[in-house]
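Below is one structure, written out as structure tokens; the observations come after it.
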Amino acid sequence: MMTRPQIGSVALIAAGLIAGSIGDRPAPVAPITLGGYRVLAADFHNHSSMWSDGAFTPWGLVLEAERQGLDAIAVTGHNEVWDGRLAQRFSRAVGGPIVIAGQEVLAEGRFHMIAAGIKEVVDFRQSAADVIDDVHRQGGIAIAAHPFHGIVSGWDEAAMQRLDGGEICHPNIFWMPSGQAELEEFSARRPIAAIGSSDFHGLGRMGVCRTYVFAREASEEGILEAVRAHRTLVFGDGDRVYGDPELLAYAGALRGRAPSREPRESRGTALDWISRMTALAGFAGIVLL
Amino acid sequence: MSTELRVLRAPAATFRELTASPDRGAWTLVRRPLLIMFAMGLLLSLSSSTRVSARTVVDGMISFAFVPIAEALAVAAIYARSDRRLPFTRVVDTFLVSNAPWLLWILGFCAWQVARSPTTMSDTTGKWLVASLLAPACWAAYLDLQFFRIVLSRRAVAVDLVVARLIGWTGAIGCFLGIALWAQIVAWLR
């Protein structure tokens, strides 16, 4: 039998969950058209809890993307693609955002690469150039994942010539003093599409770094084609904007849609506070009383 | 006072008391796994958003269901070599009480998450967090030694602890890191 303090604790947890669930609705996103292109907010780097050290299930990632106002996500398993396919199927079934199945090709010590839009697993033991060729053969795009110093030795000239995009915004830039400069240095090596990705594992916020893709159509193929053509815009640290010079004029129209990175503004509503405090109090009661 | 808090204060007495308490069948088997899973779901919800929603909590519970499963497998290996005087459901339930230090750590982490923005976490903060895990890890190991000695009447409790950790942690880490481990192993071998 439960004691009175335990019943009270469970009630507090229930109240917290109800308060939190009331506010937990998909963010309504009106379609944007700029310069004749459909502009889609995309996050190309997300990990699920199914063997990819993420904390959300593949379907949980889809639901989270809706809440973060993203039009598209790539689910990029560590050297596997099946959770991406699962997320893709789920999203199609529920009418969710566009899900691109992908893989984070982990070649430890040499390079990390996002292979988005692939069908089969790419062998990480190859050179980066060979990996990219494999990705392109499958109709996908190759994006350099967090190319900070210390993880770029595999990006030789042959690979850079083939690369479609590189992450210019990654959550690490918000605390690494040289983070933004290191990503800029990498991107300056070759003309590649500017990519913003949250490398979402469950901690932090999905879409905190995102890519605005100027697509001809709101579809997976439309997004992949736009990245190949480098038609992207990304908001970096501070006021910095990266991407196609011809599209920079549209940055002002998109900035208001980008998620706030200010701690004060990103702590949620009063109902969110109630949800957090009551659920935490309830959990404390269960553990301690 | 909760069983978790009592076991932190007086492990031996609490384990003795638990072995004598009545068994409630299926509820005995699932209540503590559910508590651990809920703790992980709460942690996920607070770490990824500004609210505690049923959606994220349940998702976290599913994602981390492997934790109590791995622990149950670990204690099953030791139980199989014990005198088996207690039903397995009771043994699993009592073994999971040793998660109390981890629950305390999660409680502290969640309280910290309530106060901060979920936008980013610095590398330094991450390293401090990892370092802080040492305290519950050691404390839980001490509790497990008491558990093997008192609940399962084992003598070579240090060996039992090593075996349990090998099974439990290898299984849990394997589930969490999965296929990416292979890339890491290849990198080490190069």
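The values are calculated or read from the model by the stated rules, or taken from the named source; none is laboratory data. Just so it is clear, the structure is predicted and the values come from calculations on it, not from any experiment. Reconstructed Cβ throughout: ideal geometry from the backbone, glycine too, with neighbour counts over all protein chains shown. For accessibility, only protein heavy atoms count, side chains too; no ligands or nucleic acids. Shrake-Rupley method; radii C 1.70, N 1.55, O 1.52, S 1.80 Å.
Things to note:
- Pairs with Cβ under 7 Å, 6+ apart, first in segment A:108-119 and closer than 15 Å to A:ASP133 by Cβ, second of a type in the set (A, V, I, L, M) and open to solvent by 20 Å² or more (accessible area, probe 1.4 Å): A:PHE111/A:ILE151; A:PHE111/A:VAL152
- A single member of A:GLY139, A:GLY207 is open to solvent by 10 Å² or more (accessible area, probe 1.4 Å), in contact (Cβ under 8 Å) with a residue 60 or more places away in the chain and under 18 Å from A:VAL99 (Cα atoms), and it is A:GLY139.
- Meets criteria (part of a helix (DSSP H, G or I) and touching a Ser or Thr at 6+ places or on another chain (Cβ under 7 Å)) for B:ARG90: yes
- Scanning segment B:18-44 for residues that are within 8 Å of chain A (Cβ to nearest Cβ) and modelled with pLDDT under 95 yields one hit, B:LEU44.
- Out of B:ASP83, B:ASP144, sole residue that is under 23 Å from B:ALA13 (Cα atoms) and in a helix (DSSP H, G or I): B:ASP144
- Residue in segment A:254-263 that is at pLDDT 95 or above, farther than 26 Å from A:ILE98 by Cα and surrounded by fewer than 19 Cβ atoms within 10 Å (Cβ to Cβ) present: no
- Segment B:147-190, subset small (Gly, Ala, Ser), closer than 21 Å to B:ALA70 by Cα and surrounded by fewer than 17 Cβ atoms within 10 Å (Cβ to Cβ), residue nearest to the other protein chains (Cβ to nearest Cβ): B:GLY174
- Among the residues making up segment B:136-146, those that are open to solvent by less than 80 Å² (accessible area, probe 1.4 Å) and more than 13 Å from the chain's Cα centre (by Cα) are B:LEU145, B:GLN146.
- Being within 25 Å of B:MET37 (Cα to Cα) and under 13 Å from the mean Cα position of the chain (by Cα) holds for only one residue in A:VAL10, A:VAL62, and it is A:VAL62.
- Those strands (runs of 3 or more DSSP E) lying entirely in segment A:1-100 with at least 2 residues within 14 Å of chain B (Cβ to nearest Cβ): A:37-46, A:72-78
- Selection of strands (runs of 3 or more DSSP E) fully inside segment A:109-204 by the criterion of at least 3 residues being within 14 Å of chain B (Cβ to nearest Cβ) returns A:111-116.
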